[in-house]
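Let me begin by presenting the structure, written as structure tokens, before commenting on it.
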Amino acid sequence: MVYIFLAEGYEELEAVAPIDVMRRAGIPVKIVGMSLQPSGRNNIRIVPDMTIDEFDPKSDDMTMIMLPGGMLAVKSLEVSKKVQAVIDIAMASNKYIAAICAAPIILGRKGLLQGKRATSYPGLENELTGHIPSDEPVVVDGNIITSIGAGTATRFGLKLVEILCGKAKADKIKDDICLKI
């Protein structure tokens, strides 16, 4: 199961594009809201599958967590003790942790990017403590996947599909949605 965490001000493309391509691949995805119906940066509301209070950070079915960007949302995710706990659990059990745009700063501030290749929204690189900078749109280093921003959200989602289901499945979806990269 992939758990995606949404807080007020999340960047809609960075949440919806990966959710869409993962669900096309048949990957079970659950949206965890920091509120009952978080509003995105452009006032698009998504009804989550569960709230953060209903989420069990020790869930045995977790294969990946994903953190979309949007600076307001990232600040809320970063101060949440429950989100911090799930990041710690994912890291300790070598589960995948995916973060896009501003969200990699949460990982950087926790020291999880030390010696790892990573990327983020331009200008936030100083927050990725100890990382090895990369200008690639999507970067995978071990169990950490990072991406630049809204413009790379579909590629980011396809990389998550590739990691969980294989390159052939990701390529099929890329062809099905007519993505030319």
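One table, with the values for the structure above:
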read-out	value
Candidate set from region 11-55 (those that are charged (D, E, K, R) and touching a Cys at 6+ places or on another chain (Cβ under 8 Å)); member that is farthest from LYS174 (Cα to Cα)	GLU11
The listed residue being more than 30 Å from GLY166 (Cβ to Cβ), without any contact (Cβ under 8 Å) to a residue 40 or more places away in the chain, surrounded by 23 or more Cβ atoms within 10 Å (Cβ to Cβ) and not charged (D, E, K, R), out of GLY40, GLY111	GLY40
Check on ILE46, under 18 Å from LYS30 (Cα atoms), of a type in the set (A, V, I, L, M) and more than 13 Å from the chain's Cα centre (by Cα)	yes
Selection within region 116-148 - polar (S, T, N, Q) and buried (at least 20 other Cβ atoms within 10 Å of the Cβ)	THR119, SER120, THR146, SER147
Of all residues in region 139-172 being without any contact (Cβ under 8 Å) to a residue 60 or more places away in the chain and in a loop (DSSP other than H, G, I, E, B), the one that is nearest to MET64 (Cα to Cα)	ASN143
Qualifying residues in region 165-181 (those that are in contact with an Asp or Glu (Cβ under 9 Å, 6 or more places away or on another chain) and of a type in the set (D, E, K, R)) - the one farthest from ILE27 (Cα to Cα)	ASP171
Complete set of residues in region 111-138 that are of a type in the set (A, V, I, L, M, F, W, C) and not in a strand (DSSP E or B)	LEU112, LEU113, LEU124, LEU128
Single match in ALA85, ALA98 (criterion: surrounded by fewer than 19 Cβ atoms within 10 Å (Cβ to Cβ), among the hydrophobic types (A, V, I, L, M, F, W, C) and either in contact with a helix residue (DSSP H, G or I) (Cβ under 8 Å, 6 or more places away or on another chain) or part of a helix (DSSP H, G or I) (or both))	ALA85
Counted residues, region 28-51 - those being out of contact with any strand residue (DSSP E or B) (no Cβ under 6 Å at 6 or more places or on another chain), at pLDDT 95 or above and either within 26 Å of GLY142 (Cβ to Cβ) or among the small types (Gly, Ala, Ser) (or both)	2
Residue count, region 57-79 (criterion: without any contact (Cβ under 8 Å) to a residue 40 or more places away in the chain, outside any helix (DSSP H, G or I) and either hydrophobic (A, V, I, L, M, F, W, C) or exposed (fewer than 12 other Cβ atoms within 10 Å of the Cβ) (or both))	2
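The values are calculated or read from the model by the stated rules, or taken from the named source; none is laboratory data. Since this is a predicted model, take the numbers as computed values, not measurements. A quick note on method: Cβ atoms are made from the backbone with ideal geometry, for glycine too, and the neighbour counts reach across all protein chains shown.
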